[in-house]
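Notes follow once the structure below has been shown.
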Amino acid sequence: KWRQSFKEYCNKQYYGLWAAAMKQLRSEEADPCIWLQGPANYLFRTNGICWGMDPAFRNPVLFQQLQCRFEKDLAVLRFVVLTHGHEDHYNVELIRHLRELPVMWVVPDFLMDDFISQTDMAVEKIISIQAGQRINIEGITIEAFTGLHKDEGAKKGYPSLGYYIDTGNMRLLFPGD
């Protein structure tokens, strides 16, 4: 019963929390800023650059509440990094809402075909990345490694990338799920 009460509370409060976070994300005074958007979904402002990792909404009520705001609110993002294809990290419907924005998408190589076919994203907005590769976007270095969602040689698991990110004034580690 407490879970249902908590879920109802979150559904009522999240819209206001989202609006406050978007205001903070746009504020130059809030740099650096890291906002946990969901259980494993992040929005950042580092060195004046707004970016995201695995933006997703699993809760359909929250998605419906915010759907009209996505394009406006997330237009500040310069790039988004994806780790893997589970729905709590990879929300195709949300990505479709953002596909017209000038956002670059850093997509694991094993997810590329699905990403292109499911989202209809323009190929020039996509950077494919694989384990061991390092890229730099607007002064932020992103180094990919095999994520902890699947062990090498394991029969069970799911392909995933983890990331070591250096913004110049902060280092972030995202080992995987």
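The values are calculated or read from the model by the stated rules, or taken from the named source; none is laboratory data. Values in this document were obtained by computation on a predicted structure and should not be read as measured data. Don't worry about glycine lacking a Cβ; one is built from the backbone with ideal geometry, like all the others, and counts go over all protein chains shown. Heads up: the accessible areas ignore ligands, DNA and RNA and are worked out on the full protein's heavy atoms, side chains in. Shrake-Rupley method; radii C 1.70, N 1.55, O 1.52, S 1.80 Å.
Taken across region 75-93, residues that are acidic (Asp, Glu) and more than 23 Å from Trp35 (Cβ to Cβ) do not occur at all.
For (1) in a loop (DSSP other than H, G, I, E, B); (2) crowded, with 16+ Cβ neighbours inside 10 Å; (3) in contact (Cβ under 8 Å) with a residue 60 or more places away in the chain; (4) among the polar types (S, T, N, Q), each residue gets a yes or a no:
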site: Thr83; (1), (2), (3), (4): yes, yes, yes, yes
site: Leu94; (1), (2), (3), (4): no, yes, no, no
site: Pro102; (1), (2), (3), (4): yes, no, no, no
site: Leu111; (1), (2), (3), (4): no, yes, no, no
site: Ser117; (1), (2), (3), (4): no, no, no, yes
site: Met121; (1), (2), (3), (4): yes, yes, no, no
site: Ile127; (1), (2), (3), (4): no, no, no, no
site: Thr141; (1), (2), (3), (4): no, no, no, yes
site: Gly157; (1), (2), (3), (4): yes, no, no, no
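Restricting the first member to region 1-17 and to residues that are among the polar types (S, T, N, Q) and at pLDDT below 85, and the second to residues that are open to solvent by 100 Å² or more (accessible area, probe 1.4 Å) and part of a helix (DSSP H, G or I), no beta-carbon pair is closer than 7 Å while six or more apart or on different chains. Taking interchain pairs and intrachain pairs at least six residues apart, which have beta carbon atoms under 9 angstrom, with the first residue in region 60-80 and without any contact (Cβ under 8 Å) to a residue 40 or more places away in the chain and surrounded by 14 or more Cβ atoms within 10 Å (Cβ to Cβ) and the second assigned to a helix (DSSP H, G or I) and charged (D, E, K, R)? Note: pairs meeting the criteria are Phe63/Glu93.
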